[in-house]
Amino acid sequence: MAKGRGIGFLLTIIVVGVLIGGVIGEIIGLLLPEGVIKEFFIRSVRSSVGPVTLDLHAFSITLGFGLKLNIISVLGVCLVAYLFRWYR
């Protein structure tokens, strides 16, 4: 890996790309009429872990993680990776 491009850089690319792609996918879903094309763009895969609760009698912590990916989110990750490639 090039200098300065560690795991943090990779995570930044993934998170920003998924966020941008998710928002664009939701907008496309609102704008397109019902049909196969709309279904293609808004169909998503959901994955989650948790909730996991840690109870320490004085306080408790509940943690969980969820991820929702659609085709536009994947394209968003590719676009952000391409843009960050030229940024750094």
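Read-outs: derived from the displayed coordinates by stated rules, not from any lab. Small disclaimer: the values here were computed from a predicted structure and weren't measured. When we count neighbours, we look across all protein chains shown, and the Cβ atoms used for this are built from the backbone with ideal geometry, even at glycine.
Remarks
- Among the candidates 26, 39, residue that is under 14 Å from the mean Cα position of the chain (by Cα) and not hydroxyl-bearing (Ser, Thr, Tyr): 26
- Only one of 7, 20 that is closer than 22 Å to residue 80 by Cα and more than 15 Å from the chain's Cα centre (by Cα): 7
- Within the stretch 1-60, the residues that satisfy the criterion of being under 19 Å from residue 74 (Cα atoms), out of contact with any strand residue (DSSP E or B) (no Cβ under 8 Å at 6 or more places or on another chain) and in contact (Cβ under 8 Å) with a residue 24 or more places away in the chain are 9, 12, 13, 14, 16, 17, 19, 20, 24, 28, 40.
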